[in-house]
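**Q** Structure in structure tokens, see below.
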Amino acid sequence: MKPSIRKCQTPLMYTLWDRKFHQTVTETSFRATSLVNDYSLCVLEIAFILIWLEKCFEQDILTEKDTGLPLSTMGSWEFIETVVKKISYGEGFGKILAEGVARAAEHVGKDSKAIAEEGSVMPYGPEVFTPSALLYATEPRPPITELHEVCSPLTKWALWYTSKGAKSYVSTDVLRKIADKFWGSETAVDFSTYEGKALAAIKIQNRQYAKESLVLCDFAYPIFDDASSEDHVGDPSIESRLLFAVTGKEIDEDALNHYGKRIFTLNRAIHLRERRKGREDDCLPETQFIEREERIADVFGMHNPELFLPGSGDEIISRKGKALEKDKFEQMRDEYYELRGWDIPTGFLKKKTLKELDLSEVIEPLREKVV
């Protein structure tokens, strides 16, 4: 029986190594993706792990004896199956890999940390898109649907700006109206300031958790812009209207986003139960606070290599080679916790917030991480 592919683009995860090993792309690429999905692992993080393992093996930092992995057969079905199962069951070196590349590199030491940092390009990353800082920090794995929400309207704006309006109608004015309707304020797309980004991150997460629960295509929803309308601004209520059409239940946009907030908070509770440490783990790699030029790793940069973004008024700024300001990130994280109704010093959940979300049943199991 042929494996099913359940996520767009993810067959690309193993294609690089599949092609190297077999001299062509084979069904292994597709089977590998299904395997990773079946074990509920993150395909992006697995790809980062494979890049790191390959470079460490090539530089004799890791060997097959060290890892218990058939590193010389990377690209084969045997290899990916072994890696996935060892990570999932916490067996041998797989237990170290299960912590992700950054922590695995800390464990291995030597030059593996430099390799990890060199390969730590973050698609739709915090150094360019400020709201992404909170998305990456508060999620346990790359939150690709949330990152797509950040990048999608901004890429259309970049096409408008770099083509002088020839390739897109999402002007700065349209983008600001989109931000006001979808992300809470026009300030959310003023990249000369950190204001409005915490609220934007929260709205993005709530909407995406609700959208994922409806099993709506990530490339189609939300509908940020509308070529047929006078102001070209999309409609954030379409998902709730679709739900109403299917179920007959009167669930409006606010109610659907409330469900998204509840699901997100329950997800946070589960990760706290499974030893996530709250604020201590809501962090970013130190590379994000160092000014440096990174290689282009997403569609926004492909269309806009100078990484131009709107600032205040008519100002256009470039984020190329820029970094996050650590103190501003800390302030933004505080604001995020406050808006979420979480404890600011610890990042733990509050009883009051859990009760408001009808999640009182998680208070007792999490008593050490609820304030």
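The values are calculated or read from the model by the stated rules, or taken from the named source; none is laboratory data. This structure is a prediction, so every number in the text was calculated from the model and none was measured. So basically every Cβ, Gly included, is an ideal-geometry build from the backbone, and we count neighbours across all protein chains shown.
**Q** Return yes when K7 is at pLDDT below 90, loosely packed, with under 14 Cβ neighbours inside 10 Å and farther than 14 Å from M74 by Cα and no when it is not. Can you show your working first?
**A** Working: at pLDDT below 90: yes; loosely packed, with under 14 Cβ neighbours inside 10 Å: no; farther than 14 Å from M74 by Cα: yes.
Against the criterion (at pLDDT below 90, loosely packed, with under 14 Cβ neighbours inside 10 Å and farther than 14 Å from M74 by Cα), K7 does not qualify.
**Q** Further, regarding this structure: Of the numbered conditions (1) part of a loop (DSSP other than H, G, I, E, B); (2) among the hydrophobic types (A, V, I, L, M, F, W, C); (3) touching a residue at least 12 places away in the same chain (Cβ under 8 Å), L339 fails exactly one; give the number of that condition.
**A** So L339 meets the others, but not (1).
**Q** Of (1) under 24 Å from the mean Cα position of the chain (by Cα); (2) buried (at least 21 other Cβ atoms within 10 Å of the Cβ), C56 satisfies all except one. Which?
**A** In the conditions (1) under 24 Å from the mean Cα position of the chain (by Cα); (2) buried (at least 21 other Cβ atoms within 10 Å of the Cβ), C56 misses (1) alone.
**Q** Evaluate the stretch 104-113: report whether one residue or more is of a type in the set (G, A, S) and in contact with a Cys (Cβ under 6 Å, 6 or more places away or on another chain).
**A** Among the residues of the stretch 104-113, at least one is of a type in the set (G, A, S) and in contact with a Cys (Cβ under 6 Å, 6 or more places away or on another chain), which makes the answer yes.
**Q** Additional query: Give the residue that is farthest from the chain's Cα centre (by Cα), with candidates limited to residues of the stretch 302-336 that are aliphatic (A, V, I, L, M) and not in a loop (DSSP other than H, G, I, E, B).
**A** If we take residues in the stretch 302-336 being aliphatic (A, V, I, L, M) and not in a loop (DSSP other than H, G, I, E, B), then I316 is farthest from the chain's Cα centre (by Cα).
**Q** Could we say that L147 is of a type in the set (A, V, I, L, M), surrounded by 21 or more Cβ atoms within 10 Å (Cβ to Cβ) and touching a residue at least 24 places away in the same chain (Cβ under 8 Å) here?
**A** yes
**Q** Could you check how many residues of the stretch 352-370 are surrounded by 14 or more Cβ atoms within 10 Å (Cβ to Cβ) and in contact with a helix residue (DSSP H, G or I) (Cβ under 9 Å, 6 or more places away or on another chain)?
**A** Of the residues in that region, 9 qualify.
**Q** Checking the condition assigned by TED's automatic domain parsing to the domain that holds K355 and at pLDDT below 95, which residue from A220, A255 passes?
**A** Step by step, each of A220, A255 is checked, and only A220 is assigned by TED's automatic domain parsing to the domain that holds K355 and at pLDDT below 95.
**Q** In this structure, does T155 turn out to be surrounded by fewer than 24 Cβ atoms within 10 Å (Cβ to Cβ), polar (S, T, N, Q), within 21 Å of the chain's Cα centre (by Cα) and over 20 Å from V43 (Cβ atoms)?
**A** Yes, satisfied.
**Q** Is it the case, given these coordinates, that R103 is touching a Gly at 6+ places or on another chain (Cβ under 8 Å) and surrounded by fewer than 20 Cβ atoms within 10 Å (Cβ to Cβ)? Step through it out loud before you land on a result.
**A** Working: touching a Gly at 6+ places or on another chain (Cβ under 8 Å): no; surrounded by fewer than 20 Cβ atoms within 10 Å (Cβ to Cβ): yes.
Criteria not met by R103.
**Q** Starting from the stretch 266-286, keep only residues that are among the charged types (D, E, K, R), then list their pairs with residues that are in a helix (DSSP H, G or I) and surrounded by 15 or more Cβ atoms within 10 Å (Cβ to Cβ) whose Cβ atoms are within a distance under 7 Å, requiring at least 6 positions of separation or different chains.
**A** From residues that are among the charged types (D, E, K, R), the pairs are D282/A137; D282/T138; D282/R333.
**Q** Sticking with this one: Please work out which one of (1) within 24 Å of the chain's Cα centre (by Cα); (2) closer than 30 Å to K177 by Cα; (3) not hydrophobic (A, V, I, L, M, F, W, C) is the condition D343 fails and give its number.
**A** Against the list (1) within 24 Å of the chain's Cα centre (by Cα); (2) closer than 30 Å to K177 by Cα; (3) not hydrophobic (A, V, I, L, M, F, W, C), D343 comes up short only on (2).
Residues checked against (1) buried (at least 16 other Cβ atoms within 10 Å of the Cβ); (2) free of Cβ contacts under 8 Å to residues at least 60 places away in the same chain:
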{"residue": "L50", "(1), (2)": "yes, yes"}
{"residue": "G68", "(1), (2)": "no, yes"}
{"residue": "I80", "(1), (2)": "yes, no"}
{"residue": "Y89", "(1), (2)": "no, yes"}
{"residue": "K95", "(1), (2)": "no, yes"}
